[in-house]
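Inspection log for the structure reproduced underneath, given as C-alpha cells.
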Amino acid sequence: MSLLAIVGRPNVGKSTLFNRLVGMRKAIVDDVSGVTRDRHYGRCEWCGRTFSVVDTGGYTSSDEDVFEEEIRRQVVLAVEEADVVLFMTEASTGVTDYDETIAEMLRSSGKKVVLAVNKVDNFSDQCDIYQFYTLGLGEVFSIASTTGSGTGDLLDAIVKLLPEDEGSERPYENLPRITIVGKPNVGKSSLTNELLGVNRNIVTPVAGTTRDSIETYYNRFGHEFMLVDTAGMRKKTKVHEDIEFYSVMRSVRAIENSDVCVLMIDATSGMEGQDMSIFNLIQKNNKACVLVVNKWDLYEKDSNTLKKYREALLERLAPFNDIPVIFTSVINHQRVLDVLDAAEKVYENYSRRIPTSVLNDRMLPEIAAYPPPAYKGKYIKIKYITQLPTKNPSFAFFCNLPQYLKDPYKRFLENKMREHFEFTGCPLTIYFRQK
C-alpha cells in the first residue's frame with residue numbers, strides 16, 4: 001500500500017491533519033509543541049484510493065531536549081519509506097529556519113513532496129502563503145486542518161502523485177492484535193523494538209517517553225499479527241498533565257481493542273498495586289493475557305528464585321492465575337521470542353471453538369460426580385452445555401433452576417473446563433440459562 005508521510009516543524013498541526021485524514025482521533029493533539037514523538041500510522045481513503053498515512057514528530061535541529069535527536073531520526077526514517085511526503089508549514093509564522101532545513105532535507109531525498117501551509121483560517125491569511133514558494137518545492141496548498149478547509153484539493157494532488165498499488169491489500173484488520181501494556185518505564189517500547197528488529201519506537205530512561213498507542217504490522221519467525229505499543233499507565237492521582245491523561249486513555253482503548261495483552265512488570269519492584277489495576281482492567285474486558293517479568297537480570301537470584309517468584313506472582317493473581325509467565329531481560333535479548341510463542345499460544349486458546357458434543361461428553365460426567373448443592377430442598381440439574389458465539393470463550397449451562405447456582409460452583413465448573421480444555425491465559429465466562 002502507498003505511504004504518505006506528514007513532516008514539518010513542531011506545532012504546525014500535523015497530528016490534527018493526520019486525525020482528519022484517518023477519520024478518528026488516533027494521535028494526541030495539544031497546544032504544547034513536541035507532543036508527537038514516535039511514528040504513528042493510519043489509513044486514509046480518498047476518491048476510491050486507499051493509502052497509509054504516517055504522522056511524525058516535529059523536526060528541529062536543537063539538542064537541548066533529550067528526545068529531539070530521536071524524533072529527527074524517526075522523521076528521516078518516515079521520509080525514507082514514504083512514496084509521497086506532505087510538508088506542513090504555518091501561515092502566521094512565515095518561513096522559518098527550521099522550514100528551510102526541512103525543505104533542504106526533502107530536496108536531497110528525491111521524494112515527491114507536496115507543500116501545505118496550515119492555519120489559513122480566513123481570506124486575509126491567504127496572502128501569507130506566497131512567501132512559501134521561496135522553499136522551491138512547487139505548488140503551495142493553503143489548508144486549515146482544524147476545520148478541513150482546503151484538504152480536498154490537497155488530497156487530490158496527493159492521490160495523483162501516489163504510485164498505483166500492486167497486488168491485493170493485506171487484510172490487517174483480520175489479524176490478531178497483541179498489545180503491550182504496563183506501568184511507565186518497564187521496557188514496553190524496548191520489547192517492541194527487540195521484536196521488530198528495528199528501533200521502531202523511541203526509548204529513553206525517562207518515564208512517559210511513549211505517548212500514543214503505536215500499531216505495527218509484525219510478520220517474522222512464522223508469526224503474523226498487529227503489535228501495539230502503549231503509553232505507561234500510572235495511578236489517576238499521579239496524572240496531572242492533559243497529555244498524559246490522553247495517553248492513558250489511548251492505552252485503555254488499546255486494551256479494549258486487543259485480543260491478547262502482554263502485561264509487563266519490573267522484576268525489581270514486583271507486582272505492585274498499579275500492575276494489579278492494569279491486570280484487573282484486562283480481566284474486566286475479557287482479554288487474553290501473558291505476564292512478562294522484565295529486567296530479570298537486575299534481580300538477585302539463587303537456585304530456586306524463579307520458581308518462588310512465579311508462585312508468589314500467581315498467588316497474587318488468584319483466582320485468575322492460569323496465565324503464562326515469561327521472565328525476560330530485553331536489554332540482554334533474553335527469552336524475548338518466548339513472549340511471541342506464549343502470545344500466539346494464548347491467542348489460539350482465546351479463539352478456540354469446542355464442539356457441543358465434546359463439551360457435553362467431558363463436562364456432564366464431572367457434573368454428575370459433583371452435582372450443584374441443593375438450595376432449600378430444591379435440586380438443580382444441569383442438562384446441556386454449549387459454547388456461545390462470542391469473541392472470548394463463553395459457555396452457557398442450561399439447567400432447571402439457574403437462579404440458585406452460586407459463584408463457588410461456577411468456579412468449580414471453570415476449573416474443570418480448564419482441566420479438560422486448553423484455556424491457559426484466557427478468561428472464561430460461564431452463564432446459567434433456564435432449560
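Any chance the range 150-160 includes a residue that's aliphatic (A, V, I, L, M), at pLDDT below 90 and over 19 Å from the mean Cα position of the chain (by Cα)? Break it down into steps so the answer makes sense when it comes.
Applying the first criterion (aliphatic (A, V, I, L, M)) to the range 150-160 yields 154-155, 157-159.
Next, only the ones that are at pLDDT below 90 stay: none.
Within the range 150-160, not a single residue is aliphatic (A, V, I, L, M), at pLDDT below 90 and over 19 Å from the mean Cα position of the chain (by Cα).
Answer yes or no: is there a residue in the range 149-159 that is in a helix (DSSP H, G or I) and among the hydroxyl-bearing types (Ser, Thr, Tyr). Break it down stepwise before answering.
Kept after step one, since they are in a helix (DSSP H, G or I), are these residues of the range 149-159: 151-159.
Next, only the ones that are among the hydroxyl-bearing types (Ser, Thr, Tyr) stay: 151.
The answer is yes; a qualifying residue exists.
If you check every pair at least six apart or on different chains, which have Cβ atoms under 7 Å apart with a residue in the range 286-306 that is open to solvent by 80 Å² or more (accessible area, probe 1.4 Å) first and a residue that is assigned to a loop (DSSP other than H, G, I, E, B) second?
298/267; 298/268
Can you find even one residue in the range 253-260 that is part of a helix (DSSP H, G or I) and touching a Cys at 6+ places or on another chain (Cβ under 8 Å)? Spell out the reasoning first.
Going residue by residue through the range 253-260, those that are part of a helix (DSSP H, G or I) are 253-256.
Still in the running and touching a Cys at 6+ places or on another chain (Cβ under 8 Å): 255.
The answer is yes; a qualifying residue exists.
Scanning for something of a type in the set (A, V, I, L, M, F, W, C), in a loop (DSSP other than H, G, I, E, B), in contact (Cβ under 8 Å) with a residue 40 or more places away in the chain and surrounded by 13 or more Cβ atoms within 10 Å (Cβ to Cβ), does the range 365-381 turn up at least one residue? Steps first, answer last, please.
Going residue by residue through the range 365-381, those that are of a type in the set (A, V, I, L, M, F, W, C) are 367-369, 374, 380.
Next, only the ones that are in a loop (DSSP other than H, G, I, E, B) stay: 374, 380.
Subsequent filtering for residues that are in contact (Cβ under 8 Å) with a residue 40 or more places away in the chain retains none.
No, there is no match, as no residue in the range 365-381 is of a type in the set (A, V, I, L, M, F, W, C), in a loop (DSSP other than H, G, I, E, B), in contact (Cβ under 8 Å) with a residue 40 or more places away in the chain and surrounded by 13 or more Cβ atoms within 10 Å (Cβ to Cβ).
Is at least one residue of the range 317-329 out of contact with any Cys (no Cβ under 7 Å at 6 or more places or on another chain) and free of Cβ contacts under 8 Å to residues at least 24 places away in the same chain?
Quick first cut of the range 317-329, residues out of contact with any Cys (no Cβ under 7 Å at 6 or more places or on another chain) only: 317-322, 324-329.
Filter again for free of Cβ contacts under 8 Å to residues at least 24 places away in the same chain, leaving 318, 321.
Taking every residue of the range 317-329 in turn, at least one turns out to be out of contact with any Cys (no Cβ under 7 Å at 6 or more places or on another chain) and free of Cβ contacts under 8 Å to residues at least 24 places away in the same chain.
Confirm whether residue 73 is farther than 18 Å from residue 146 by Cβ and either at pLDDT below 85 or among the small types (Gly, Ala, Ser) (or both). Lay out the reasoning, then the answer.
Working: farther than 18 Å from residue 146 by Cβ: yes; either at pLDDT below 85 or among the small types (Gly, Ala, Ser) (or both): yes.
Yes, satisfied.
Hey, does the range 292-301 have a residue that's modelled with pLDDT under 90, within 29 Å of the chain's Cα centre (by Cα), in a loop (DSSP other than H, G, I, E, B) and closer than 22 Å to residue 183 by Cα?
Among the residues of the range 292-301, at least one is modelled with pLDDT under 90, within 29 Å of the chain's Cα centre (by Cα), in a loop (DSSP other than H, G, I, E, B) and closer than 22 Å to residue 183 by Cα, which makes the answer yes.
Quick check on the range 74-105: of everything there that is touching a residue at least 60 places away in the same chain (Cβ under 8 Å) and open to solvent by 10 Å² or more (accessible area, probe 1.4 Å), which residue is farthest from residue 5 (Cα to Cα)? Show your work before the answer.
We begin by selecting, within the range 74-105, every residue touching a residue at least 60 places away in the same chain (Cβ under 8 Å); these are 74-75, 78-79, 81-90, 96, 98-99, 102.
Then keep just the ones that are open to solvent by 10 Å² or more (accessible area, probe 1.4 Å); that gives 81, 83, 90, 96, 98.
On the way: 81: 8, 83: 8, 90: 17, 96: 21, 98: 18 Å.
Across the range 74-105, the extreme among qualifying residues is 96.
So, in the range 400-414, of the ones that are open to solvent by less than 90 Å² (accessible area, probe 1.4 Å) and over 38 Å from the mean Cα position of the chain (by Cα), which residue ends up farthest from residue 364 (Cα to Cα)? Let's see the steps before the verdict.
The initial filter retains those residues of the range 400-414 that are open to solvent by less than 90 Å² (accessible area, probe 1.4 Å), namely 400-402, 404-405, 408-410, 412-414.
Then keep just the ones that are over 38 Å from the mean Cα position of the chain (by Cα); that gives 400-402, 404-405.
On the way: 400: 15, 401: 17, 402: 16, 404: 19, 405: 16 Å.
Out of the qualifying residues, it is 404.
Kindly check whether there is at least one residue in the range 106-115 that is open to solvent by less than 60 Å² (accessible area, probe 1.4 Å), part of a loop (DSSP other than H, G, I, E, B) and not polar (S, T, N, Q).
Residues of the range 106-115 open to solvent by less than 60 Å² (accessible area, probe 1.4 Å): 106, 109, 113-115.
Now drop any that are not part of a loop (DSSP other than H, G, I, E, B), which leaves none.
Looking through the range 106-115, none of the residues is open to solvent by less than 60 Å² (accessible area, probe 1.4 Å), part of a loop (DSSP other than H, G, I, E, B) and not polar (S, T, N, Q).
Within the range 44-54, does at least one residue satisfy the condition of being in a strand (DSSP E or B), hydroxyl-bearing (Ser, Thr, Tyr) and either touching a strand residue (DSSP E or B) at 6+ places or on another chain (Cβ under 8 Å) or over 25 Å from residue 227 (Cβ atoms) (or both)? It would help to see each step written out before you state the result.
Going residue by residue through the range 44-54, those that are in a strand (DSSP E or B) are 44-46, 49-54.
Next, from what is left, pick out any that are hydroxyl-bearing (Ser, Thr, Tyr): 50, 52.
Cutting the leftovers down to either touching a strand residue (DSSP E or B) at 6+ places or on another chain (Cβ under 8 Å) or over 25 Å from residue 227 (Cβ atoms) (or both) gives us 50, 52.
Yes, the range 44-54 has at least one match.
Suppose we filter the range 384-430 for residues that are within 14 Å of residue 354 (Cβ to Cβ) and in a loop (DSSP other than H, G, I, E, B); how many remain?
Qualifying residue count for the region: 10.
Quick one: what pairs do we get from the range 339-358, first residue more than 28 Å from residue 264 (Cα to Cα), second among the β-branched types (Val, Ile, Thr) and open to solvent by 10 Å² or more (accessible area, probe 1.4 Å), C-beta under 6 Å, 6+ apart or different chains?
356/386
Mind checking whether some residue in the range 194-204 is of a type in the set (Ser, Thr, Tyr) and either at pLDDT 60 or above or open to solvent by 30 Å² or more (accessible area, probe 1.4 Å) (or both)? I'd like the intermediate steps shown before the answer.
At the first step, the residues of the range 194-204 found to be of a type in the set (Ser, Thr, Tyr) are 204.
Okay, now just the ones that are also either at pLDDT 60 or above or open to solvent by 30 Å² or more (accessible area, probe 1.4 Å) (or both), so none.
No.
On the given criteria, is residue 210 out of contact with any His (no Cβ under 8 Å at 6 or more places or on another chain), modelled with pLDDT of 85 or more, assigned to a loop (DSSP other than H, G, I, E, B) and not basic (Lys, Arg)? First the steps, then the outcome.
Numbers: out of contact with any His (no Cβ under 8 Å at 6 or more places or on another chain): yes; modelled with pLDDT of 85 or more: no; assigned to a loop (DSSP other than H, G, I, E, B): yes; not basic (Lys, Arg): yes.
Against the criterion (out of contact with any His (no Cβ under 8 Å at 6 or more places or on another chain), modelled with pLDDT of 85 or more, assigned to a loop (DSSP other than H, G, I, E, B) and not basic (Lys, Arg)), residue 210 does not qualify.
Does residue 141 count as over 23 Å from residue 3 (Cβ atoms) and open to solvent by less than 80 Å² (accessible area, probe 1.4 Å)? Show your work before the answer.
Values: over 23 Å from residue 3 (Cβ atoms): no; open to solvent by less than 80 Å² (accessible area, probe 1.4 Å): yes.
In short, no.
Can you name the residue in the range 415-435 that is charged (D, E, K, R) and over 15 Å from residue 351 (Cα atoms) and is also least open to solvent (accessible area, probe 1.4 Å) among such residues?
Of the range 415-435, the ones charged (D, E, K, R) are 416, 418-419, 422, 433, 435.
After this cut, where a residue has to be over 15 Å from residue 351 (Cα atoms) as well, the list is 416, 419, 433, 435.
Details: 416: 41, 419: 124, 433: 97, 435: 135 Å².
Only one residue fits best here, namely 416.
How about the range 319-350: which of its residues are open to solvent by 70 Å² or more (accessible area, probe 1.4 Å), more than 16 Å from residue 191 (Cβ to Cβ) and in a loop (DSSP other than H, G, I, E, B)?
Once the filter is applied, which keeps residues that are open to solvent by 70 Å² or more (accessible area, probe 1.4 Å), more than 16 Å from residue 191 (Cβ to Cβ) and in a loop (DSSP other than H, G, I, E, B), the range 319-350 yields 319, 320.
Residue 180 fails exactly one of the following numbered conditions: (1) open to solvent by 60 Å² or more (accessible area, probe 1.4 Å); (2) within 30 Å of residue 294 (Cα to Cα). What is the number of that condition?
Here residue 180 meets the rest and fails (1).
Is it the case, given these coordinates, that residue 263 is under 28 Å from residue 298 (Cα atoms), at pLDDT 80 or above and part of a strand (DSSP E or B)? Give the derivation first.
Numbers: under 28 Å from residue 298 (Cα atoms): yes; at pLDDT 80 or above: yes; part of a strand (DSSP E or B): yes.
Yes.
The values are calculated or read from the model by the stated rules, or taken from the named source; none is laboratory data. Since this is a predicted model, take the numbers as computed values, not measurements. Note that we place each Cβ from the backbone using ideal geometry, even for glycine, and neighbour counts take in every protein chain shown. SASA here: full protein model, heavy atoms, side chains in, ligands and nucleic acids out. Shrake-Rupley method; radii C 1.70, N 1.55, O 1.52, S 1.80 Å.
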